[in-house]
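Novice: Before I ask anything, let me first share the structure, which is written out below as C-alpha cells.
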C-alpha cells in the first residue's frame with residue numbers, strides 16, 4: 001500500500017502543489033495545504049477509487065486551500081493588495097519570462113471558481129470531464145465559467161501587450 | 001462583436017481547444033473578416049494560448065517532496081495494544097496506588113499461622129478450665145454434697161461452652 005502511495009506522490013505532487021500555489025499565493029502555506037491533502041489521501045487510501053485518485057486529490061487540495069483562504073479573511077490578515085496587484089501596468093516590449101510571470105499573477109488574481117478552472121484545465125491540462133468532477137460542476141458550467149475566465153485574462157493581456 | 005456574445009465566445013474557445021468543426025471554423029473566419037472586434041478577440045485568444053503554453057505545472061519544492069514521502073512513516077495506524085501507549089502507561093503507573101488503597105480498605109484478617117496459634121492457645125485454656133472444673137466439683141462435693149456440686153459445675157460448664165462458641169464464631 002505504501003508503494004502505491006509513493007507512486008501517487010510521484011505522479012501528483014507537482015499538480016497538487018501547482019493548484020495550492022496559485023490559490024494561496026504563499027509558498028509555505030501552499031506546502032502545508034498540499035501536505036494536508038496527501039495526509040488525507042494516506043488516511044483514505046483504502047477508500048479512494050484508484051482510478052479517481054487524481055481527481056480526488058485535486059478536489060481535496062483545492063477545498064483545503066479555499067478553507068485556508070476563508071480563515072485568512074476571518075483573521076483579517078488576507079493581503080487584498082495581492083489580489084488586486086498591479087497586473088495592468090505599462091509593459092512595453094514584454095519579454096516571454098515577464099509575460100509568464102504576469103500571467104501567473106493574473107491567474108492568481110481571478111476569483112473562484114475561475115482561478116481553479118484555469119489552473120486545472122489550462123495549467124494542469126485536465127480534461128473538461130475531470131475538471132467537472134473535481135469542481136462538482138456540470139460540463140456546460142465548466143465551459144461557460146472557463147470561457148469567462150479566459151476572456152478576462154485575454155482582455156487583461158491585451159491591455160499590457162504592445 | 002461589439003457586445004459580449006456567448007455564441008462567439010464558445011466558438012473562439014472551441015477553436016482554441018481544437019474542437020471546432022470545419023464548417024463552424026469557416027463561419028467564424030468569415031464573420032471575423034467583417035467584424036474587427038471579433039477578429040481582435042480571436043487574435044487575443046491565440047496570444048493567451050501562447051502565453052499559457054509557457055506556464056507549466058510547477059515542480060514541488062524539495063522540502064515538500066520530503067514531507068510527502070514521510071507521511072506513511074509519521075501516520076502509521078496505532079497498534080491495538082501497547083504498554084507504551086499513554087493510557088496503558090498511566091494504568092500501569094496507577095496500579096501500585098490501587099493495591100495500596102485496597103490493602104488499606106481491607107479489614108484485618110489474621111494469617112493461617114495466627115489462627116493455628118490462637119486455636120492452640122484456646123485448647124490450652126479449655127484444658128485448664130476442665131481441670132479447674134473437676135477440682136471445684138470435688139471441693140464442693142466434699143463440703144456441700146453431690147446435688148450442690150452438680151449445680152455449680154453445670155453453670156461453670158455453660159460458661160465455658162458459651163466462651164468456646166464465641167471463640168469459634170470469631171474464628172470463622
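Every number in this text was worked out from the coordinates using simple rules, so none of it is lab data. Nothing here was measured: the structure is a model prediction, and the numbers come from that model. Cβ sites come from the backbone with ideal geometry, for glycine too, and all protein chains shown count toward neighbours.
Novice: Which ordering of A:117, B:95, A:157, B:15 is given by a fewest-first count of other beta-carbon atoms within 10 Å?
Specialist: Fewest to most other Cβ atoms nearby, the residues stand as B:95, B:15, A:157, A:117.
Novice: Further question: Can you put A:22, A:145 in order, fewest other beta carbons within 10 Å first?
Specialist: A:145, A:22
Novice: Based on the Cβ-Cβ distance from residue A:159 to residue B:17, what FRET efficiency comes out when R0 is 22 Å, to the nearest 0.05?
Specialist: After rounding to 0.05, the efficiency reads 0.35.
Novice: Once you place label points 7 Å from the Cα toward the Cβ at residue B:94 and residue A:70, how far apart are they in nm?
Specialist: 3.9
Novice: How large is the Rg to Rh ratio of segment B:6-54 when both quantities use alpha carbon positions and Rh follows Kirkwood?
Specialist: Across segment B:6-54, the Cα-based Rg/Rh ratio is 0.96.
Novice: If you don't mind, another one. Could you put A:155, A:130 in order, starting from the residue whose Cβ has the fewest other Cβ atoms within 10 Å?
Specialist: Sorted ascending by nearby Cβ count, the order is A:155, A:130.
Novice: Using 0.36 nm times the number of residues separating residue A:6 and residue A:44, minus their current alpha carbon distance, what extension gain do you get?
Specialist: 12.3 nm
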